[in-house]
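What follows is a set of notes on a single structure, which appears directly below.
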Amino acid sequence: MESMTGFSSSCGKQGTEWFWTLRSVNNKGLEIRCRCPQGYEDLEQKIRECLRSFFTRGSFSVSLDVIFDPKDQIPQINYAFLEELCVLSQQLQQKFPHLQPARIDGLMNVRGVTEVNQNIKNDHSEMTALFLSSLESAAEALKKARLAEGAKIEICLNDQIDQIESLIADARKQAAVQPEHIRERLKENLDIIKKDADLSEERFIQEVTAYMLRADVREELDRLTAHVHTARELFSEKGAVGRKLDFLCQEFNREANTLCSKSMDIELTRIGMALKTVIDQLREQIQNIE
């Protein structure tokens with residue numbers, strides 16, 4: 001079982017240093033957001049392909065930071081753009097004398113005036129291969145982190161399923177005496193009912209039978225028991241089971257609601273409400289599962 005929450009990082013150095021940072025959180029599908037340095041925007045598609053080979057669900061934030069070796073950098077100045085800025089600076093100084101004159105260090109910091117290009121000895125495709133190899137290491141580390149978190153969540157899920165199973169057993173015991181309680185209660189009120197209406201004892205028995213059938217919750221308890229077995233089977237499955245467990249929780253909740261609506265006994269209603277509470281907690285935990 002794998003969680004959708006995790007963090008990992010990876011780094012490397014070959015003259016140029018690089019750092020990968022990967023984070024993932026819950027999401028209904030697979031969403032990948034990338035941040036790459038200038039000149040390596042073409043990595044985005046390969047990043048997505050790499051993560052899709054490891055994961056099926058989650059919202060991923062992937063960031064690549066690169067520190068190029070100064071020895072491998074070739075500074076270039078856009079002289080035409082710098083001259084335009086100098087002319088514009090003089091014109092503004094004449095129009096607004098109260099402004100401070102432009103300084104060369106300020107003009108050199110304007111984006112587009114200076115560019116630092118990577119030396120051709122560090123080929124773009126070679127660096128891309130190194131980055132992607134390091135990304136796979138980061139993705140593997142993230143996979144392990146999510147699996148470790150998933151193992152912790154599985155312990156909680158098993159505990160909640162045990163609680164549900166115990167509550168179902170309590171409900172069966174309570175439901176077993178419910179028809180007799182209904183019969184006794186109605187018999188006690190038979191004389192009162194006969195005074196208010198012309199009701200034969202045969203008709204009364206028919207009404208009692210129909211009443212007890214409507215209050216029969218054995219089918220709901222059988223379905224809940226079957227859902228418990230299904231949940232345990234899904235816990236032992238390999239791969240992404242989060243969606244299946246989410247659908248199963250909806251079925252758990254449906255049967256618990258029916259149990260509460262059919263209940264003619266305060267104690268059985270209390271058990272049904274406890275079931276709904278544990279099922280809700282189960283569903284919250286399942287939102288973290290891939």
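The rows are residues; the columns are (1) within 30 Å of ALA148 (Cβ to Cβ); (2) touching a strand residue (DSSP E or B) at 6+ places or on another chain (Cβ under 7 Å); (3) at pLDDT below 90.
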{"site": "ASP42", "(1), (2), (3)": "no, no, yes"}
{"site": "GLN45", "(1), (2), (3)": "yes, no, no"}
{"site": "SER61", "(1), (2), (3)": "yes, yes, no"}
{"site": "ASP65", "(1), (2), (3)": "yes, yes, no"}
{"site": "PRO97", "(1), (2), (3)": "no, no, yes"}
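Each residue in segment 221-238 was checked for being touching a residue at least 12 places away in the same chain (Cβ under 8 Å) and farther than 14 Å from ILE279 by Cα, and 6 of them qualify. Would you check if there is a residue in segment 31-39 being at pLDDT below 85 and surrounded by fewer than 15 Cβ atoms within 10 Å (Cβ to Cβ)? So far as segment 31-39 goes, yes, one or more of its residues are at pLDDT below 85 and surrounded by fewer than 15 Cβ atoms within 10 Å (Cβ to Cβ).
Residues in segment 231-263 that are touching a His at 6+ places or on another chain (Cβ under 8 Å) and not aromatic (Phe, Trp, Tyr): 3 in all. Checked against (1) within 19 Å of ALA171 (Cα to Cα); (2) modelled with pLDDT under 90; (3) assigned to a helix (DSSP H, G or I); (4) not β-branched (Val, Ile, Thr), HIS227 meets all criteria but (2).
The values are calculated or read from the model by the stated rules, or taken from the named source; none is laboratory data. From a predicted model like this one, the values you see are computed outputs, not experimental measurements. Positions of Cβ are generated from backbone atoms using ideal geometry, with glycine treated the same way; all protein chains shown enter the neighbour counts.
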